[in-house]
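Below is one structure, written out as structure tokens; the observations come after it.
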Amino acid sequence: MTGLTVCCGTVNSIKSLWETRIKKSKDELKKEIEQRDRRAVGRLTGAWEDRIILAKLKEKVVTEEGRVILRIEKEEWKTLPPALVQLSQIQEWQLHRTGLQRIPRFISSFESLIVLDLSRNSVTEIPREIGKLTRLRELLLSYNRVSYVPEEIGCCENLEKLELSMNRDLDELPTQLSNLKKLYHLDLSMNHFTTIPECVVNLPSLEWLDMGSNILESLPDDIHRMEKLHTLWLPRNELEYLPDNICRMQSLDTLVLSKNKLRDIPRLMEGMSNLRFVNFRDNPLTYEVTLPDLKEDVDEEENDREMFGREFMHCYIQEARKRGSQTFMSLLNVTLDGVSETASSL
């Protein structure tokens with residue numbers, strides 16, 4: 001009986017062990033099936049969500065003057081779905097006040113893109129894939145949070161217009177920017193630059209430059225190398241003087257220098273015949289200048305004068321030259337008097 005009892009006990013133990021293993025195996029199988037089903041449902045749900053989002057994006061696509069444009073304004077789109085690549089024929093993005101935080105890396109799929117306008121969002125970086133957009137003509141990223149510009153931007157060989165104003169912490173640009181041979185318009189205002197970057201001076205086609213509201217302390221001595229520049233905005237900076245070579249900028253017709261720390265105006269600027277508009281307002285200039293009264297019968301256009309404009313500049317230079325001559329004569333008289341007194345004592 002004892003042997004039979006032991007045998008029965010052994011059989012029961014083995015049976016219990018197998019039942020436990022079978023149950024565990026069934027539970028694991030059930031769990032795996034549930035996970036697979038959830039993944040399948042998730043993929044199906046994701047696919048449907050992508051379809052819904054894509055359908056919503058298609059509603060934002062318009063065609064104007066033969067150009068396909070994606071236009072979204074004042075709607076929340078912090079990210080853009082990968083499904084958007086199905087609309088790679090789009091030639092222009094206009095996304096304003098959407099809260100967009102990053103430019104998707106699949107931007108490189110939009111090879112036909114001509115204009116990328118993401119102004120007034122929350123974009124923090126420009127992806128290196130931007131260099132794949134060789135047809136891009138305009139990159140507009142003003143009023144964002146960009147603090148770094150990748151060197152790949154130099155590969156956007158057809159870029160003509162670049163706006164990066166009001167990105168606050170932006171204070172440098174890659175040297176490769178000078179590879180943009182067609183860039184004629186550059187807005188770097190309201191950032192943190194202390195001088196005009198060398199790569200900007202090297203831009204061969206630059207015509208319009210805004211670096212107002214930075215912390216510029218000086219201008220490059222070779223600023224005259226920007227031969228085609230006709231408009232230069234530099235208000236609200238920390239400039240204390242202007243390099244003499246600024247007078248060699250023969251194409252310059254608009255120069256705004258208001259609210260700086262200028263103490264003087266280079267006399268050579270008097271010969272800048274192409275300079276039509278200039279503004280020296282709110283600078284601690286050494287001399288006070290009052291413009292001469294105009295005759296009563298002058299034209300209205302002549303009457304509409306800017307107190308710190310071109311005429312003021314010429315009057316200031318004349319006054320500085322006059323004061324300089326007087327100072328020189330005074331010093332000369334003092335020297336001659338000193339020589340006379342020395343000769344008399346001998």
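The values are calculated or read from the model by the stated rules, or taken from the named source; none is laboratory data. Everything numeric in this text was worked out from a predicted model, so none of it was measured. Virtual Cβ from ideal backbone geometry, glycine too; neighbours counted across all protein chains shown. Accessible surface is based on the protein model in full, side chains and every heavy atom, while ligands, DNA and RNA are left aside. Shrake-Rupley method; radii C 1.70, N 1.55, O 1.52, S 1.80 Å.
Within region 202-221, identify whether any single residue is open to solvent by 20 Å² or more (accessible area, probe 1.4 Å) and in contact with a Cys (Cβ under 9 Å, 6 or more places away or on another chain), and answer yes or no. The answer is no; no qualifying residue exists. Would you confirm whether any residue within region 247-269 is touching a Cys at 6+ places or on another chain (Cβ under 7 Å) and surrounded by 15 or more Cβ atoms within 10 Å (Cβ to Cβ)? Yes, the conditions are met somewhere in region 247-269.
Considered as a group, the residues in region 270-290 that are among the charged types (D, E, K, R) and part of a loop (DSSP other than H, G, I, E, B) include one that is most open to solvent (accessible area, probe 1.4 Å), and that residue is Arg276.
Going residue by residue through region 161-181, is there one that turns out to be buried (at least 19 other Cβ atoms within 10 Å of the Cβ) and either in contact with a Lys or Arg (Cβ under 6 Å, 6 or more places away or on another chain) or among the basic types (Lys, Arg) (or both)? No. Is at least one residue of region 318-325 at pLDDT below 95 and surrounded by 15 or more Cβ atoms within 10 Å (Cβ to Cβ)? Within region 318-325 (the criterion being at pLDDT below 95 and surrounded by 15 or more Cβ atoms within 10 Å (Cβ to Cβ)), the answer is yes, since at least one residue qualifies.
Consider Lys78 carefully, then state whether it is open to solvent by 20 Å² or more (accessible area, probe 1.4 Å) and in contact with a Ser or Thr (Cβ under 7 Å, 6 or more places away or on another chain).
no
Restricting attention to region 145-168, the residues that are outside any strand (DSSP E or B), at pLDDT 95 or above and within 22 Å of Thr98 (Cβ to Cβ) add up to 7. Screening region 132-144 for residues that are open to solvent by 10 Å² or more (accessible area, probe 1.4 Å) and outside any loop (DSSP other than H, G, I, E, B) and picking the one that is farthest from Glu65 (Cα to Cα) gives Lys132.
If you go through region 94-109 and pick out every residue that is open to solvent by less than 10 Å² (accessible area, probe 1.4 Å), within 21 Å of Glu152 (Cβ to Cβ) and more than 17 Å from the chain's Cα centre (by Cα), you end up with 1.
Flag set for Arg120, criterion: buried (at least 18 other Cβ atoms within 10 Å of the Cβ), part of a loop (DSSP other than H, G, I, E, B) and among the basic types (Lys, Arg).
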